Amino acid sequence: MLKNKPYIYIFILLIIKPITLVCQQQPLYSQFTFNKYLFNPAVAGSEQITVIKATGYEQWVGFEGAPKFHTLSFDTRIFLDTKKPRRNVRKKFKIIKPGSVGTGVMIFNEKHGPMSHTGISATYSYHIKINKQQLSFGLTPVLSNLGLKSSNLILPDEMPDDLLEGDKTRRWIMDFNFGVYFLAKEYYAGYSIHHITSSVLQWGGSSNGDYKLKRQHYLMGGYTYSISYDLALEPSLLLKIPEGSTPELDLVMQTTIKQNYWCGLSYKSTKTISIFGGLNYDRYFFTYAFDYNLGKMGRYSYGSHEIMLAVQLGEISKRYRWLNTY
C-alpha cells in the first residue's frame, strides 16, 4: 500500500463534498458491453436466456480508501411459450403476452473511502418484437443503505460539515431506475435514467437539498461487423450524463474470435485507457480488464482492475428447462 497519507485525506475530502457526491455516485465498470444490465434495466431478459454475473471493480489499487464496486446480478425471461407446461401461470394474466416479460435482481456493494453504499434492486421488463428486432422497457425499484464512517475523517482546522453532525451516519434510500433498449441482430441502442426520485440524503438529523442523488442519464450503442465466420469487430460507446456535472464518454473496440475469445481496448474521457480480454467455455464466461489513468492519479496507484464471472443458462443452452414450465 502507498504511504502518501496526505493524498488519502484529500481524496476523502473530495468524496464527501456535495459537488463530488453528484459525479461519483455511480459505479465505474470498464466492460459495460458485458454488463449492460447494470446500466439499463430494460436489458433484463432481452436475450431470452438466464444470466448470472458476479463483477468486481477495484479502482486505483494501492491507494488507501480508493473506490471499490461489487455486484451480483441475475436476469432472465419468464412466461415463455411451451407445449407441455406443468403449471401455466401466464393464463391467469391475460394482459401478458407469452414470452414478453423479463425480470432481474441485483445486489451491490460500493465503498468510497469512508462512505459505503449497499443495496438490492429488482427489475420488471417488457419486450416487444418488431419484425426481427426487439424494443424493451424496464423499471427497477432500488432499496439501498448509505453509510459514512466519520471516525476515518480528518478535517483541517476543525472545518464544520453537515455530513458529520449528529450521531446517525447511515441512511436508507428508496429510488427508481428506468430504461429503453432496442436490440437487432447486428446492433443495439439504449437510454436509461437512474435516481429518478433524486432522493435527499438526510445527515445529522436534518434534510439538506445539497446532499442528494442527482439523476444520471446513460446512452449506449454498439454495432457488430462480421469480417468472417470466426472474426468480428464490435465498436460501442457509453455516454454518462450526470445532471449538474460533466458528461463522461467510454469508447470501446472489441474483437471476438470464434465466439469464444475476445479482447479489446477502450478509452474513457476521464483520461483512462483500458485493456480487456476474456473467454467462454461451454456456458461459463470470464473477463478481465486493466485500467490505467493517464493523469496524475496514475502516478500514485497500480491501475484499476475488473473481473467478471458469468454463467449463461436457458433456452439457447437447453440447460434451464424450468423457464418453460410455468
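Rule-based calculations on the coordinates, nothing more; no lab input. These numbers come from a predicted model, not from an experiment. Backbone-built Cβ (ideal geometry, glycine too); neighbour counts: all protein chains shown.
Output the peptides 64-71, 142-149, 39-46 sorted from most to least packed, where packing is the average of other Cβ atoms within 10 Å over each peptide's residues.
Descending packing order for the listed peptides: 39-46, 64-71, 142-149.
Fewest Cβ neighbours within 10 Å first, please rank His217, His195 accordingly.
His217, His195
Round to a whole angstrom and tell me the spacing of the C-alpha centers of the stretch 107-126 and the stretch 28-71.
11
Sorted by average packing, counted as other Cβ atoms within 10 angstrom per residue and highest first, what order do 127-137, 177-187 take?
177-187, 127-137
Work through the residues other than Tyr191 whose Cβ is under 15 Å from its Cβ and net out their charges, Lys, Arg +1 and Asp, Glu -1.
+2
Between Leu309 and Tyr187, what is the label-to-label distance in nm when each label sits 7 Å out along the Cα-to-Cβ direction?
Simple spin-label model gives 3.7 nm for this pair.
With a 10 Å radius around each residue's Cβ, average the other Cβ atoms per peptide and rank 242-255, 298-311, highest first.
Answer by packing, highest mean first, reads 298-311, 242-255.
For labels at Ala54 and Ile241 in the simple 7 Å Cα→Cβ model, what's the distance in nm?
For Ala54 paired with Ile241, the spin-label model returns 3.7 nm.
How large is ³J(HN,Hα), in whole Hz, for each residue of the stretch 40-56 in order, when computed from phi with the Karplus curve 6.51 cos²θ - 1.76 cosθ + 1.60 and θ = phi - 60°, using x for Gly and Pro?
Karplus-based 3J(HN,Hα) across the stretch 40-56 equals 9, x, 5, 6, 4, x, 5, 9, 6, 9, 9, 10, 10, 10, 10, 10, x Hz.
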